[in-house]
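What follows is a short report on a single structure.
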Amino acid sequence: MAKTLYDKLWDSHVVRELADGTCLLYIDRQLVHEVTSPQAFAGLRARARGLWRPEANLAVADHNVPTRDRALGITDATSRRQIEALERNCRDFHVPLFAMDDIRQGIVHVVGPEQGATLPGMTIVCGDSHTSTHGAFGALAYGVGTSEVEQVLATQCLLQKRSRTMRVRLEGTLPKGVGAKDMALAVIGKLGTAGGTGCAIEFAGSAVRALSMEGRMTLCNMAIEAGARAGLVAVDETTITYLAGRPFAPSGALWERAVAAWRGLVSDGDAQFDHEWEIDVGALAPQVTYGTSPEMVVPVEGRVPDPAAERDPARREALAAALAYMDLRPGTAITDIAVDVVFIGSCTNARLEDLRDAAAMIAGRRLAPGVRRALVVPGSGLVKRAAEAEGLDRVFTEAGFEWRDPGCSMCLAMNADRLESGERCASTSNRNFEGRQGAGGRTHLVSPRMAAAAAIAGHFVDIRHDL
Amino acid sequence: MQRFERETGLVVPLDRLNVDTDAIIPKQFLKAVARSGFGINLFDNWRYLDHGEPGQETARTPNPDFVLNKPRYQGASILLARANFGCGSSREHAPWALLEYGIRAIVAPSFADIFYNNSLKNGLLPVVLPEAVIDRLFQAVEATVGYSLTIDLRSQRVFAKDEEIGAFAIDAFRRECLLEGLDDIGWTQAREAEIRDYEARRRHEAPWLFAQAKGHS
């Protein structure tokens, strides 16, 4: 029978299936960070349970780490305790860890692929919803809670039910200046933030095949914002080329065997999906969110919508509440919205390609006078080093941006990088929820190019025509 | 895990779409390394007028307009919510905070996947009822001070006094785990031999998945 990519990945990891369809599923790789793991390790200690396969895990601190003056250590006591707990747990349970002073340290979803610890055909979990990122490699990857982190540490398995399958075909050639982030936001705008609930979304079509691995990661990263636990992209030459020579990837004869197997990680031609969508991206515009849910998104030439035009009462109320929080009036042109802060970073958009895209928009110009802060936070120490080798750091700093050390930073504001109440931010991150980037902060999600352009202009601009 | 069999309790309505886990428990409280202490900060940004930080000892200023602070809803154990409840971050601190506050079940038209799963692992029951039923429940709760529901997991039914409000679905395995208070890890460890067999087969088929990673620090 014809199988989807999801079916192939699922079927090859079932240890046992129960009568109601619940499966004991084998997990090949777990990525661990400091925020969602301490209670899992504590649970293991409390019941004197050991790790099933310590080397199947890879740990790195990212959510809480400072992005400057690291030589001074972590000044926030609660953050420091959490990172020290991770270090102690990894030492005691023999889990490989990239420490804060290791050049390989960075955001867990940037580090995994960069190291080749993310491989096609794997099941990958992490106590973080943006684990969907790794699906870009033809791996089944999704976020789990702390109880499941503990279960994988102890048994290398999870009890799960099969998801429904959805295919989103993105067809056509993207216009200049429009990229994977815009596609991701457009998909969420169309499906809604719960449109993918219960589904694994396979992204397919000519516009996806044309994306680099970085772009595919951006797309799969945001599958969770459409409600889907997992995003997927089929394996092709782009995938294989990216992985060749990565530290954790196989080499020699084993590489050849692996590649031969990986080439089969595509949906069969006549495979049936539970849901199918097709979006023509040939005329897609840069996207900007205006509200407090990623589905509240419009093209840059659009305007803030009017709640009065919304017929569903619950949605009308949600939109009115969002505009009140965002301090936006219906009908305001997106390009008339001024920003106070710009954040370029996060597991969505902190890879080398993202930094290149942003830097290309700046080219010798300076931050607009109204922009109080602009941060560039590379996704890993290796991304940072590569960007510096190309001189990107100087492009940013000469324009007035701050060039920081790697971490999650202002995406969720668990460290010192945060918005003050009332500040408005053009952000390359993934969530515009109330208070996400700091209590009272207002987030507009955009691509790295759009964020950089907003930093220079002081407001959103249609980068297809201006700059 | 806390067992769940049947819960009768006061219903508190949270009339908002897409309530995300950042709202349920804001990020600053995620720095804790323990599994408890989150109840006091449930819905922190909505529940208090002043900004909260972990370990704060000064008294907080409750927001009188927030539904959880209204006298008529004190002691509620069932949360009535709107679609896509629990979306966003995978933080299990969200169900921990709800449970610690005293919520044992949430009734909504839909839940985000990870939150739904996390809730079940902690003995917090997510109950999905049709949108129209939820609409009627919101009206009934608004109209009746002291409105309460009974959620019976064994029969998978929801009652208001003796009137049946609706039936809900739950996987048989999950239902069993909740009724018995079973731990997934214990269940899985009893299948150790099967996991070893699977691994042996996979080591043969796909040995690169088991290769020792290079370059660990």
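The values are calculated or read from the model by the stated rules, or taken from the named source; none is laboratory data. In this text the structure is predicted, and so the values were computed from the model without any measurement. As a convention, Cβ positions derive from the backbone with ideal geometry for all residues, glycine included, and neighbour counts pool all protein chains shown. Quick note on the areas: whole protein, heavy atoms, side chains included, nothing else; ligands and nucleic acids left out. Shrake-Rupley method; radii C 1.70, N 1.55, O 1.52, S 1.80 Å.
Here are the numbers for the structure shown:
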| read-out | value |
| --- | --- |
| Signed unit charges on C-beta, dipole axis of region A:1-132, positive-most listed residue A:Thr118, A:Pro54, A:Val65 | A:Pro54 |
| Dipole moment magnitude, nearest 20 debye, the protein assembly as shown about Cα centre, only Lys, Arg, Asp, Glu C-beta charged | 720 debye |
| Shielding by partners, peptide A:125-132 (average Cβ within 10 angstrom, other chains) | 3 |
| Global size of the protein assembly as shown as Cα Rg and Dmax, reported in angstrom | 23.8, 73 |
| Whole-number Å³ per residue for the convex hull built on Cα positions in region B:117-217 | 208 Å³ |
| Per residue accessible area of region A:1-87, 1.4 Å probe, in Å² | 35 Å² |
| Average partner coverage of B:29-40, which counts Cβ from other chains inside 10 Å | 5 |
| Solvent-accessible area buried by B and A, counting both chains, probe 1.4 angstrom, square angstrom | 6100 Å² |
| Other-chain or far-sequence residues with amide H under 5 Å of B:Tyr48's (modelled H) | B:Asn63 |
| Computed label-point distance, nm, for sites A:Ala42 and B:Thr8 using a 7 Å Cα→Cβ extension | 3.5 nm |
| Table column - 3J(HN,Hα) (Hz), region A:40-57, Karplus curve with 6.51, -1.76, 1.60, x for Gly and Pro | 5, 5, 4, x, 5, 4, 4, 10, 6, 9, x, 8, 5, 8, x, 6, 7, 9 |
| Label-to-label distance, nm, for residues given as B:Thr61 and A:Lys176 (7 Å Cα→Cβ offset) | 5.4 nm |
| Most fluctuating residue given options B:Arg202, B:Arg35, B:Arg104, as computed from a GNM of chain B linking Cα atoms under 10 Å | B:Arg202 |
| Expected 222 nm ellipticity per residue - DSSP helices of 4 or more, -39500 (n - 2.57), all of chain A, to 500 | -9000 deg cm²/dmol |
| Radius of gyration and maximum dimension Dmax of region A:388-442, Cα, Å | 12.8, 37 |
| Normalised contact order of chain B, rounded percent, pairs of Cα under 8 Å and 6 or more residues apart | 24 percent |
| Nonlocal amide H pairs with A:Ala374, under 5 Å, H built at 1.01 Å | A:Val342, A:Glu402 |
| A:Asp268-A:Lys161 FRET efficiency (beta carbon distance; Förster radius 22 Å; 0.05 resolution) | 0.45 |
| Projected label distance in nm at A:Asp92 and A:Glu55, using a 7 Å step from Cα toward the beta-carbon | 2.4 nm |
| Cβ charges +1 (Lys, Arg) and -1 (Asp, Glu), total dipole of region A:158-209, debye | 160 debye |
| Only Lys, Arg (+1) and Asp, Glu (-1) charged, at Cβ; region A:141-261 dipole about Cα centre in debye | 280 debye |
| Net +/- balance of residues flanking A:Leu191 in space, Cβ distance below 11 Å, scoring K and R +1, D and E -1 | -1 |
| By accessible area with a 1.4 Å probe, ligands and nucleic acids excluded, highest first: order of B:Arg175, A:Arg53 | B:Arg175, A:Arg53 |
| Selection from A:Pro286, A:Val235, A:Val259, by position along the positive dipole direction of region A:235-296 (Cβ) | A:Val259 |
| Across A:Lys8/A:Lys161; A:Lys161/B:Lys121; A:Lys190/B:Lys121; B:Lys31/B:Lys121; B:Lys27/B:Lys121, pairs whose alpha-carbon gap is larger than 23 Å | A:Lys190/B:Lys121 |
| Accessible area per residue in Å² at 1.4 Å probe, computed on region B:113-167 | 44 Å² |
| FRET efficiency for A:Glu237 and A:Met1, using Cβ-Cβ distance with R0 set to 22 Å, rounded to 0.05 | 0.20 |
| Karplus (6.51, -1.76, 1.60) ³J(HN,Hα), θ = phi - 60°, over region A:281-295, in Hz, Gly and Pro reported as x | 9, x, 10, 5, 9, x, 9, 9, 8, 10, x, 10, 9, x, 6 |
| Per-residue mean of C-beta atoms belonging to partner chains within 10 Å, peptide A:35-43 | 4 |
| For B:Thr8, residues with placed amide H under 5 Å, excluding near neighbours | B:Ile151 |
| Modelled FRET efficiency - R0 41 Å, A:Ala19 with A:Ala71, Cβ distances, 0.05 increments | 0.10 |
